[in-house]
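Every number here is computed from the coordinates shown, using simple stated rules; none is lab data. All values derive from a computational prediction rather than experimental measurement. Cβ sites come from the backbone with ideal geometry, for glycine too, and all protein chains shown count toward neighbours.
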Amino acid sequence: MLTSWQRLEKIIKWTGLSVNAFARNIGLKRSENLYQIKKGNNGISRELADIITTKYPMVSKAWVLTGEGEMFLDAHKSGAESEGIPFYNIDAISIYQSHREAEPLYYIAIPIFDGCDFAARCMSNAMTPDIPPGAIIVLKEIDATAILPGETYLVVTGNFCGVRIIRRGAGDDQLRLVPRNVQDYDEITLDPAQILKLFAVKGVIINKIL
């Protein structure tokens, strides 16, 4: 049986928000009462459960209060995926081929990311400081003909897989894969025909411990 904090944490992770942002999103003036639950000083009150399930009606109030049953109401279980995009708690470069078969840890419910395919960790420091290691990147698969120079992508070729800024090369038929961390990573030049898979990085979520 999950503890009060574990249940609350599961909901917060499902929303894709930080604890403070979650508190603001459900209308709490201060997040201190959530941290008191995390410390084990308080449980989840019926009032807090009401606030959460009013904001997220697909979440079961009984589960929030007791941990019994399922997190989502029966009417929403099959549609949980429509409430967000799947998040896989592993490195994006190892998930791109099998994300449709893998089991997501939870769903990120942020409207601006609607239409994206999935989210995963970026463990490389090639894009530091823009994307620090461990940050979550939200990805949408696109065709190589739709590249916008200067934007960031997860690029997959036969010999390379990584997150880079794409810029035009010296010739029209060349692309430059540019890291932000130029001290430790070199720029790569390739032909667009070498790209097997391409995902636009539509968002970066950094989980700060406050």
What relative contact order, as a whole-number percentage, does the chain give when Cα pairs under 8 Å and 6 or more residues apart are counted? 15
Ranked highest first by average number of other Cβ atoms within 10 Å, how do 143-149, 28-34, 9-15 line up? 9-15, 28-34, 143-149
Dipole of the chain, positive end: most advanced residue of 89, 166, 150 [Cβ charges, Cα centre]: 89
In percent, how large is the relative contact order of segment 86-205, given Cα pairs closer than 8 Å and 6 or more residues apart? 25
Taking the Cα centre of the chain as the origin, how large is its charge dipole in debye, to the nearest 20, when only Lys and Arg (+1) and Asp and Glu (-1) carry charge on their Cβ atoms? 900
Counting Lys and Arg as +1 and Asp and Glu as -1 over every other residue whose Cβ sits under 10 Å from the Cβ of residue 138, the net charge comes to +1
Run the dipole for segment 86-205 about the Cα centre, Lys and Arg Cβ at +1, Asp and Glu Cβ at -1, nothing else charged, and hand back the magnitude in debye, nearest 20. 180
